[in-house]
Each structure stands twice: as structure tokens, then as C-alpha cells.
Amino acid sequence: MAKKQFSGCWRGVVGVIKPTYRPGSLEEFIRLLPEGIGVIPKFVGVKQGLEEEFVDGFAAAEKIIAELAEMKVDIIHPEGAPLFVQKGYQRSEEIVRELEEKYSTPIVTTGRVLVEATKALGIKRLLVISSYDDGNSSGRLAKYSSYFSDAGFQVLAVNGFPVAFTEIGSVSPFEAYDFARKLYFQYPTTDGICLIGSGWRILDAVSLLEQDLQIPVVCAVAARVWAIEKRLHVRQPIKGRGLLLENMP
């Protein structure tokens, strides 16, 4: 068992596959995890956020999945919504089942994490906001819309923050807050917001949005922590990081 193989990781070990080398989200993720959960990070190396990079990145991710499975980690988490979302909801779920059978290790994707967290918070009428929109993102945003629709949500809108993929890290939590708040006022019947993307630093915006708009908000880093804890049968609530981590539904 992985718990015996990895010293100090008495609650389990998660292998994380990150699309880019961008700093920030990995550190946030590790800080929020309870003591006793180990993390082994691997990287695909996406640089420009182009569709062909994510297609190639998907093949690279499977090779890394094989490496992590050989290490006997408890869970494998391929990050990066486009890696699997581009396949569509149904096909993405099928691929995960095929990979789990092939490598005998539980696998949870970012798309699955976001869907589970959004449902756990009781959201039905959803606003989806992506971390970037460089002016050529209509196809990608449309795939997000169909993915969440096929997962059972009424998707009211899918918008991307107006910034290039390479500049995501420069967006402040308060800029993200302002963008999400203004979008909410265009769709006031929504009962929840999903913020896609780990590259922008939005953890500080989540609780503010929930407080001011009185609806739950899901972001990738918090949803990742919640989903990993759930699968490892760990429950350590955290205050100030949004309803998902505070209530651990």
C-alpha cells in the first residue's frame, strides 16, 4: 500500500499532473491539504494554451499516469480542465474508467472534481467562468458549456476572463471578483458560480463572492482539496475559503 511506501503520508498520497509549470496553485493546494496527505507533482508542459497543446498533453498525461500508478499512489489527479473536457462529458467519464481499469488506480479529473463539488453545493442554474479568453476561445468555452450541460446543469452562461493564457497569473482576486460579480448581475437567477482554472489566484475571491451574492462558488483549487479528502475518507473543514471547504458537504 502507498501509505507504507511513502514515509509520513499516513493518510494517503495523491499524484498530481499539472498542465503547466506556472507556480501558485500547487502551493495553495498543498497548504490546504490536511497533515498526513502526500503530494507527488508531475508536469505536462503546456505553454501557450493552444488546443493542439492540450491534445498532445492528453497523450503525455497518460504516460505520467502510468508512472504514478507504478509508484503505488492512492489517487491520480490529472489537472487542467481542457485535457479531458475537450473530449466531452460522456467520453471523458469513459476514458477515466478505462484508465482506472488499465492502471488499477483511482483517477479523478478536474472536470469530475468541479462537477462533483458543484452538485454537492446544490447548484443547478450555473454560471461558468474560465480563467482566460484571448479572443479565440469561443470553441473552448462552447465545450465547457456542453460539458456541464451534459453533466446535468442548466448553464446560463460561459464566459472567459479577458486575458491571454500566458498572463493568467497576473489577474488579482479582486479583478476576478469584479468580473464574476458583474456577470452575476446579468444572470441573477443563477444559484451558483464555477470558476475554472488553477492558474489565476482566486481563492481570496470565493468567500467574498459568496458573502455578497449569497450563492455558492466553486473554484478549482478548493474543489480539488475537497475531492481528494473525500476519496481518502478525510474531513478537515477550513474556514474562510468558501462554503465547500467550510462545510465539507
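The modelled label-to-label distance for the pair residue 119/residue 98, using points 7 Å beyond Cα in the direction of Cβ, is 2.2 nm. One chain, two ends: residue 178 and residue 236. Fully extended at 0.36 nm per residue, the span grows by 17.9 nm beyond their Cα-Cα distance. Think of it as helices only: each DSSP H run of n ≥ 4 in the chain is worth -39500 (n - 2.57), and spread over all residues that comes to -14000 deg cm²/dmol at 222 nm. Working ranking of peptides 127-136, 214-223, 111-120 by packing, defined as the average number of other Cβ atoms within 10 Å per residue, highest first, is 214-223, 111-120, 127-136. Modelled label positions at residue 30 and residue 149, each set 7 Å beyond Cα in the direction of Cβ, lie 4.1 nm from each other.
Which shape class, rounded, prolate or oblate, goes with the range 51-141 when its Cα gyration tensor gives a ≥ b ≥ c as root eigenvalues, a/c under 1.5 marks rounded, and past that a/b bigger than b/c marks prolate? Judged from the Cα gyration tensor, the range 51-141 comes out oblate (a/c at least 1.5, b/c at or above a/b). Tell me the angle of helix 173-186 to the major Cα principal axis of the chain, expressed in degrees between 0 and 90 and rounded to the nearest ten. Its long axis makes an angle of about 50 degrees.
Against the main long axis of the alpha-carbon atoms of the chain, helix 110-120 sits at an angle near 60°. Summarising the label geometry, the points placed 7 Å from Cα in the beta-carbon direction at residue 167 and residue 212 lie 2.2 nm from one another. Computed from the C-beta positions of residue 71 and residue 185 and an R0 of 41 Å, the FRET efficiency is 0.30 to the nearest 0.05.
Remark: for residue pairs 102/124; 18/143; 72/230; 87/182; 143/239, the C-alpha separation exceeds 25 Å in 102/124; 87/182; 143/239.
Against the main long axis of the alpha-carbon atoms of the chain, helix 203-213 sits at an angle near 40°. With the cut-off at 27 Å, report for the chain the share of all Cα pairs above it, as a whole percent. Distances greater than 27 Å cover 31 percent of the Cα pairs.
Sort 168, 202 so that the residue with the fewest other Cβ atoms within 10 Å of its own Cβ comes first and the one with the most comes last.
168, 202
Taken together, the values in this text are just the output of simple stated rules run on the coordinates, not laboratory data. Values in this document were obtained by computation on a predicted structure and should not be read as measured data. Glycine gets a Cβ as well: all are built from the backbone with ideal geometry, and neighbour counts include every protein chain shown.
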